[in-house]
1. At 222 nm, what helix-only mean residue ellipticity would the chain give, in deg cm²/dmol to the nearest 500, using -39500 (n - 2.57) for each DSSP H run of four or more?
2. Accessible area per residue, 1.4 Å probe, Å², for the chain: what's the number?
3. When you take every Cα atom in the chain, what is the radius of gyration, and what is Dmax, the widest Cα pair distance, in Å?
4. Taking all protein chains in place and a 1.4 Å probe, what share, in percent, of the accessible surface of the chain do carbon and sulfur account for?
5. Could you run the Karplus curve 6.51 cos²θ - 1.76 cosθ + 1.60 with θ = phi - 60° over the stretch 8-21 and give me ³J(HN,Hα) per residue in whole Hz, x for Gly and Pro?
6. Mind telling me which of Glu30, Glu14, Glu22 comes out most flexible in a GNM of the chain, alpha-carbon contacts under 10 Å?
7. For helix 28-50, report the angle its Cα long axis makes with the longest principal axis of the Cα atoms of the chain; keep it between 0 and 90° and round to the nearest 10°.
8. Using a basic spin-label model with each label point 7 Å from the Cα along Cα→Cβ, how many nm lie between Lys48 and Phe19?
Amino acid sequence: MSQLKEIKKIPIEEVLEHFKSEGVIVTKEEAELIMEFLYFLTESVILKYFDN
């Protein structure tokens, strides 16, 4: 039996702060697009390799 788990979303302000601490300046819109892609990628990997 498969249970759907929701991936916890990281607040965008935290994402912006992390990028800034690494010396990468991105806009809020860019950070949102990056995170949207990363969530999609994470979900795809989980479904492919960890879902029965």
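The values are calculated or read from the model by the stated rules, or taken from the named source; none is laboratory data. None of these values were measured; they are calculated from a predicted model. When we count neighbours, we look across all protein chains shown, and the Cβ atoms used for this are built from the backbone with ideal geometry, even at glycine. For the accessible areas, the whole protein counts, side chains as well, though only heavy atoms, and no ligand, DNA or RNA atoms are used. Shrake-Rupley method; radii C 1.70, N 1.55, O 1.52, S 1.80 Å.
1. Per the formula, -21000 deg cm²/dmol.
2. With all protein chains present, the chain gives 95 Å² per residue.
3. Computed over the Cα atoms of the chain, radius of gyration and Dmax are 13.7, 44 Å.
4. 59 percent
5. For the stretch 8-21, the Karplus curve yields 5, 7, 8, x, 4, 5, 5, 5, 4, 5, 5, 4, 4, 5 Hz.
6. The residue with the greatest mean-square fluctuation here is Glu22.
7. Value to nearest ten degrees: 20.
8. 2.5 nm
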